[in-house]
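**Student:** Before I ask anything, let me first share the structure, which is written out below as structure tokens.
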Amino acid sequence: MVFSSHLFLFYFLPLALLLYYAVPVRARNVLLTLLSYVFYGWANPLFVLLMLLSTLLDFACGLLLVAGLPRDPDGGLPLLNSSVRTMRQKAALACSLAGNLGLLAFFKYWNFGAEVLQEAAGRLGWSLPEPGAVLQVVLPLGISFYTFQSMSYCIDVYRGEARAIRSLWDFACFVSMFPQLVAGPILRFHDVSLQLQQRVHSLERMTRGICCFSLGLAKKVLIADGLSQLVDFVFAANAPSMSAAWLGTVAWAFQIYFDFSGYSDMAMGLGWMLGFDFCANFDSPYRAVGLADFWRRWHMSLSGWLRDYLYIPLGGNRRGGLRTSWNLLLVMLLGGLWHGAAWTYVVWGGVHGVLLLLERLLCGGRSPQQRMALVPQGLPRLLLTATTFGVICLTWVPFRADSLGQAGLLWSAMLGGGRQDGSTVIVDAVVRQPWHLWMLALGAGIVWLAPQQSRQFVSVLTGRRVLVCMVLLWLSILQLTLQQQQPFIYFMF
């Protein structure tokens, strides 16, 4: 089920809110869990079983981590506070990690691995059956998000950063909450554990949630979907001109930003409607003054997850320059693979890893915060921002391309080396249509001139701001009646 659909807006969401506020407070987590399972299983009910398996695995491992330890005076489960871990506790954590990563690896990377193996065998002169003839695995929606989210519970309990939870319903609610289930932000258990037990419901939060949801819906429907045809056309072209290639790539940079940040805003708004306070996922990423600064602003829940649960445990930057470089490159490669099982994502992650290493070397190993302090205001910052955005646009090409060949063709066109033929004129004419140029100008104006944080915009609700949100909601719903439903880009991850 998609947020930007009539089914969700006019049927599921009103009914969910009505039932949620009608049942007693103690039953709301149970109801929210059931509603989330309906939401997730709407397209394919079998996917629900996979999410349930992940939930049961981590719930059991969490209880095993604290089994046999004395209860707190209030009867609650204990908080691990010793630096020494028993073999049972280490085995419980290993079981959680192996189970979740195993499910993710099988469902997300089986087809890719089979294709790579078949290609390697062909080069050696061997013959293997087509991957789909042996086993064709369907990727469950949102599996990359809820496996990371579920894993964070056992890791937090193991580290002593959160208490194990006694209620299976509460834990299932944490894993399956429909507002952010399919495309984040990736929640960490220690950030929402108290909210699962007690949270605030008020008219002010409901109003703020509706306004934030409206802003996110407008980003998705009015801007991201409005740019999609231009992006699809340019990336499918065989001979785009240099200007068309750049305009199409900039359009893609805007599309993925407004699509994904729009989903995050809607998730945040739905969270407020249900009493939860989710973390922000974006902070003006295209205003960054370097790649490290960009990753502090883009998909912040994933960047923070990879930093705290992978980069730092690997040693971070504490074991010398060579080990730091290896850790950074490995994390970015794995981050690329997390986004998708294809060589294009591996290249995307690898390019970002190499650029981050080069930036770190050029800046003498300074942290992103230290680098920011050295950047002066005015023209130098504008030039750095423009240069960073240009580099980011180049790196977005393999992320969107269907193949490395298509990415190479567009890169060549962007750098002035693309071939020209009779179709080039047609591509230019389509790209330069007034509607496409107007959408690009609108996206640029919002990205660099307007407030970016929807959380901040709705934090102080005035009559004028509420009116703006309601007008945007009305326009978005009107637009939905005029276009085909388009899923969110990050649904494929």
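FYI, it's all coordinate maths here, none of it is from the lab. No experiment lies behind these values; they were computed from the predicted model shown. Cβ coordinates were reconstructed from backbone atoms using ideal geometry, including for glycine residues, and neighbour counts include every protein chain displayed.
**Student:** Could you compute Rg(Cα) / (2.2 N^0.38 Å) for the stretch 1-109, with N its residue count?
**Tutor:** 1.43
**Student:** In Å and on Cα atoms, what radius of gyration and Dmax does the stretch 172-306 show?
**Tutor:** 17.3, 58
**Student:** In whole angstrom, and with the biggest value first, how far do the Cα coordinates of the stretch 412-493 range along each principal axis?
**Tutor:** Principal axes ranked by extent give 54, 32, 30 Å for the Cα atoms.
**Student:** Divide the volume of the convex hull of the Cα atoms of the stretch 271-320 by its number of residues and quote the answer in cubic angstrom per residue.
**Tutor:** 87 Å³
**Student:** Additional query: Under a plain spin-label model, where a point goes 7 Å from the Cα along Cα-to-Cβ, how far apart in nm are LEU101 and VAL38?
**Tutor:** Result for the modelled spin labels: 3.8 nm.
**Student:** Tell me, for the chain, which Cys residues have no other cysteine's C-beta sitting closer than 4.7 Å.
**Tutor:** By the Cβ distance rule, which asks for a partner under 4.7 Å, the isolated cysteines are CYS61, CYS95, CYS154, CYS173, CYS212, CYS279, CYS363, CYS393.
**Student:** Mind checking which lysines have their C-alpha under 27 Å from LYS90, skipping anything on the same chain fewer than 8 residues away?
**Tutor:** Within the straight-line cut-off, LYS90 pairs with LYS108.
**Student:** To continue, here is another question. May I ask you to sort VAL346, VAL468 by Cβ crowding, counting other Cβ atoms within 10 Å and putting the fewest first?
**Tutor:** Lowest count first: VAL468, VAL346.
**Student:** A further question follows. For the stretch 6-198, just the Cα set please: Rg and Dmax, both in angstrom.
**Tutor:** Both quantities, over Cα of the stretch 6-198: 19.8, 68 Å.
**Student:** Restricting to Cα pairs below 8 Å that are 6+ residues apart, what does the relative contact order work out to for the stretch 6-198? Please round to a whole percent.
**Tutor:** The normalised contact order for the stretch 6-198 reaches 31 percent.
**Student:** Treat every Asp and Glu Cβ in the chain as -1 and every Lys and Arg Cβ as +1, leave all other atoms uncharged, and give the resulting dipole magnitude about the Cα centre to the nearest 20 debye.
**Tutor:** Computed about the Cα centre, the dipole is about 1220 debye.
**Student:** When N counts the residues of the chain, how does its alpha-carbon radius of gyration compare numerically with 2.2 N^0.38 Å, as a ratio?
**Tutor:** 1.02
**Student:** Report the extension gain between SER403 and THR481 in nm, rounded to one decimal, defined as 0.36 nm multiplied by the number of residues separating them, less their alpha carbon distance.
**Tutor:** Going from the current span to full extension adds 24.7 nm.
**Student:** Using a Förster radius of 41 Å, what is the FRET efficiency between LEU203 and GLU115 based on their Cβ-Cβ separation? Nearest 0.05, please.
**Tutor:** Calculated value: 0.15.
**Student:** Let me ask something additional. At 7 Å along Cα-to-Cβ for each site, give me the label-to-label distance between LEU362 and HIS6 in nm.
**Tutor:** Those two pseudo-labels are separated by 5.1 nm.
**Student:** Mind sorting LYS108, LYS219, LYS90 by how few other Cβ atoms lie within 10 Å of their own Cβ, fewest first?
**Tutor:** Exposure proxy ranking, most exposed first: LYS90, LYS108, LYS219.
**Student:** As a check on your grasp of the helix formula, calculate [θ] at 222 nm for the chain: sum -39500 (n - 2.57) over DSSP H runs of n ≥ 4, divide by the residue count, round to the nearest 500.
**Tutor:** Using -39500 (n - 2.57) per qualifying helix, the result is -21500 deg cm²/dmol.
**Student:** Are there trypsin sites (Lys or Arg not before Pro) in the stretch 255-353 that DSSP puts in a loop and that have at most 16 other Cβ atoms within 10 Å, and which ones?
**Tutor:** For trypsin sites (Lys or Arg not before Pro) across the stretch 255-353 that sit outside H, G, I, E and B with at most 16 neighbouring Cβ atoms in 10 Å, the list reads ARG318, ARG319.
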